[in-house]
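Working notes for the structure below.
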Amino acid sequence: MTIRKILTEPDPFLRQKSKDIEIVDNEIRNLMDDMLDTMYAAPGIGLAAIQVGIPKRIIVIDLSKEEEKKPLYFVNPKIILKSDSNATYEEGCLSVPGQFAEIDRPDKCHVNYLDYNGKQQEIKAEGLLATCIQHEIDHLEGILFIDYLSKLKKNYIVKKLSKQKKILERIVV
Ligand code: K1U
Ligand code: ZN
């Protein structure tokens, strides 16, 4: 089990586009295991590989509230259908620590992806799962939820996070 460091805004690395995976092999499975451990430790309900500094198209999600874990692994996820109707959720992001905002997104989506074993799958998601999948797929395109806010709100958040980072850098030398 390895808990990896989560990159935080502002970090230009988070803004790059992630690349498709050719084969789901043990190296990729090891990365997915680490991502899940990192997400549970944070704690969070989703994580994209780019958030731990790996620009590959992989996301992990677990929305289970009970003791029993129910991880979902998505390699090369592709949204093939989005509903016309929207839902609003208060979103957070492990790469935008301490910040939350209500974001509107399609309330349903169908997604094609490869699973943990490299098998082609399709999921019909709705509610929080649909929101979380879209939030994580945005990460693979270099998009953060704060990009949907007004310039004023986004700039305020980015400035605040920059200041926090500078303070932390001075403490942790
Ligand atoms: O950084 C991330 O992408 C993870 C993010 C996912 C997400 C949250 C809410 C809406 C859409 C996507 C988080 O997990 S933020 C933390 C969080 O939501 C949470 C943490 C502990 C318990 C329950 C939720
Ligand atoms: Zn996020």
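The values are calculated or read from the model by the stated rules, or taken from the named source; none is laboratory data. Because the structure is predicted, anything quoted here is derived from the model rather than measured. Positions of Cβ are generated from backbone atoms using ideal geometry, with glycine treated the same way; all protein chains shown enter the neighbour counts. We work out accessible area using only protein heavy atoms, side chains counted, and drop any ligands, DNA or RNA first. Shrake-Rupley method; radii C 1.70, N 1.55, O 1.52, S 1.80 Å.
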Give the residue from 128, 101, 28 lying farthest towards the positive end of the charge dipole for the chain; charges sit on Cβ (+1 for Lys and Arg, -1 for Asp and Glu) and the dipole is referred to the Cα centre. 101
Test of understanding: what is the full-extension gain from residue 78 to residue 23, defined as 0.36 nm times their sequence separation minus their Cα-Cα distance? 18.2 nm
Estimated dipole of segment 1-72 in Debye, rounded to 20 [Cβ of Lys and Arg +1, of Asp and Glu -1, Cα centre]: 300
So if I place +1 on the C-beta of Lys and Arg and -1 on the C-beta of Asp and Glu, and nothing else carries charge, what would the dipole magnitude of the chain be about its Cα centre? I want it in debye, nearest 20. 860
Which value at 222 nm does the chain reach when only helices count, each DSSP H run of 4 or more adding -39,500 (n - 2.57), with the total divided by all residues and rounded to the nearest 500 deg cm²/dmol? -10000 deg cm²/dmol
What full-extension length gain, to one decimal in nm, is calculated for residue 165 and residue 123 as 0.36 nm per residue of separation minus the Cα-Cα distance? 11.3 nm
For segment 27-173: accessible area per residue (Å², 1.4 Å): 55
Could you work out which residue, out of 98, 44, 142, moves most in a Gaussian network model of the chain, that is, has the largest mean-square fluctuation with Cα springs under 10 Å? 98
Packing rank of 111-118, 53-60, where each peptide gets the mean count of other beta carbons within 10 Å, highest leading: 53-60, 111-118
Measure of size requested: the Rg and Dmax of segment 1-90, with Cα atoms as the atom set and Å as the unit; please supply both. 14.1, 41
Carbon and sulfur atoms: what percent of the 1.4 Å accessible area of segment 106-173 do they account for? 57
Taking only the alpha-carbon positions of segment 3-54 and ignoring solvent, what does the Debye formula give for the base-10 log of I(q)/I(0) at q = 0.20, 0.28, 0.32 Å⁻¹? -0.74, -1.17, -1.26
So how far, in whole Å, is the C-alpha centre of segment 121-151 from the one of segment 1-27? 16
Semi-axes of the equivalent ellipsoid of the chain: what are they in whole Å, largest first, if each equals the square root of 5 times a C-alpha gyration tensor eigenvalue? 25, 21, 15
Once label points are set 7 Å from the Cα along Cα→Cβ at both residue 63 and residue 37, what is their separation, rounded to one decimal in nm? 2.7
